[in-house]
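This report refers to the structure that appears directly beneath it.
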Amino acid sequence: MRLSFPAALGLRFALSTGVVVGTWNPTGYSWVHYASHTWRHPNGLFALSTIILTIAWVVLGRATWKALGIIGWVLTALLLGALLWAAKDAGLLDVSRSVGSWVVLVCIVVVHTVGLSWGDLRRKATPAPEPFRPR
C-alpha cells in the first residue's frame, strides 16, 4: 500500500521530529540530558540508545544530503532563516532563549523533512514525459 503524499510527508516530519527533539531539546528530557547523567557509568540502555540515534542521524543526514546537496541544503536553511527574521521583525516571533531553541529545532526538522521528501516533491513538480510513439 502506497501512502498519499500528505501522509508520507507527515510520517517523514514525525520521524525527523523524533530524531531531532529526542537528541536534544530545552525541556530536559532528551538523550543529551540522559547521557550527561549516565556518562560515567554507562549501561545497556545508554549503549542501545546511542547506537539507535547514531543510525537515525546517519540515515537522516545522508538522505537529506543526497537529495538536496550542499546548494539545496544551504538554500533551504537560508530560506528558513529569512522567514524567521521577517517574522521577528514583524513582531510575530519572540525569540527568548527557550523559544529560540525550539525555533532552531523546528528549522532542523523542516530541512530534514524536505530532504526526505525531495524525490516526491520533484516528481509532483515535474510532469511525466510523453511516451515515445514511433511513426
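The values are calculated or read from the model by the stated rules, or taken from the named source; none is laboratory data. Keep in mind that what you see is a predicted model, and the values were worked out from it rather than measured. Glycine also receives a Cβ, built like all others from the backbone with ideal geometry; neighbour counts cover every protein chain displayed.
Go through region 1-23 residue by residue and tally those that are of a type in the set (Phe, Trp, Tyr) and modelled with pLDDT of 95 or more. Even if it seems obvious, please write down each step before you answer.
Of region 1-23, the ones of a type in the set (Phe, Trp, Tyr) are 5, 13.
Now drop any that are not modelled with pLDDT of 95 or more, which leaves 13.
Here the count works out to 1.
One residue is enough: does region 122-132 have a residue meeting the conditions hydroxyl-bearing (Ser, Thr, Tyr) and either within 12 Å of the chain's Cα centre (by Cα) or within 30 Å of Ala7 (Cα to Cα) (or both)?
Looking only at region 122-132, we keep the residues that are hydroxyl-bearing (Ser, Thr, Tyr), and these are 126.
Checking which are either within 12 Å of the chain's Cα centre (by Cα) or within 30 Å of Ala7 (Cα to Cα) (or both) leaves us with 126.
For region 122-132, residues hydroxyl-bearing (Ser, Thr, Tyr) and either within 12 Å of the chain's Cα centre (by Cα) or within 30 Å of Ala7 (Cα to Cα) (or both): present.
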*asked:* Exactly one of these conditions fails for Ser98: (1) surrounded by 14 or more Cβ atoms within 10 Å (Cβ to Cβ); (2) in contact (Cβ under 8 Å) with a residue 60 or more places away in the chain. Give me its number.
replied: (1)
*Can you find even one residue in region 109-126 that is over 17 Å from Leu15 (Cβ atoms) and surrounded by 13 or more Cβ atoms within 10 Å (Cβ to Cβ)?*
no
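The rows are residues; the columns are (1) surrounded by 13 or more Cβ atoms within 10 Å (Cβ to Cβ); (2) within 28 Å of Asp120 (Cβ to Cβ); (3) in contact with a Gly (Cβ under 6 Å, 6 or more places away or on another chain).
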| site | (1), (2), (3) |
| --- | --- |
| Ala8 | yes, yes, no |
| Ser16 | yes, yes, no |
| Thr27 | no, no, no |
| Trp39 | no, no, no |
| Asn43 | no, no, no |
| Leu48 | no, no, no |
| Arg62 | no, yes, no |
| Gly69 | yes, yes, no |
| Val74 | no, yes, no |
*May I ask you to list the residues in region 76-98 that are of a type outside the set (Val, Ile, Thr), in contact with a helix residue (DSSP H, G or I) (Cβ under 8 Å, 6 or more places away or on another chain) and assigned to a helix (DSSP H, G or I)?*
Ala77, Leu80, Gly81, Leu84
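Just give me the residues in region 20-50 being assigned to a loop (DSSP other than H, G, I, E, B) and on the phi < 0 side of the Ramachandran plot, in sequence order.
So in region 20-50, the residues assigned to a loop (DSSP other than H, G, I, E, B) come out as 24-30, 39-43.
Listed by number, the residues that qualify are Trp24, Asn25, Pro26, Thr27, Tyr29, Ser30, Trp39, Arg40, His41, Pro42, Asn43.
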*Do the conditions hold for Ala56, that is, is it under 24 Å from Gly10 (Cβ atoms) and modelled with pLDDT under 90?*
no
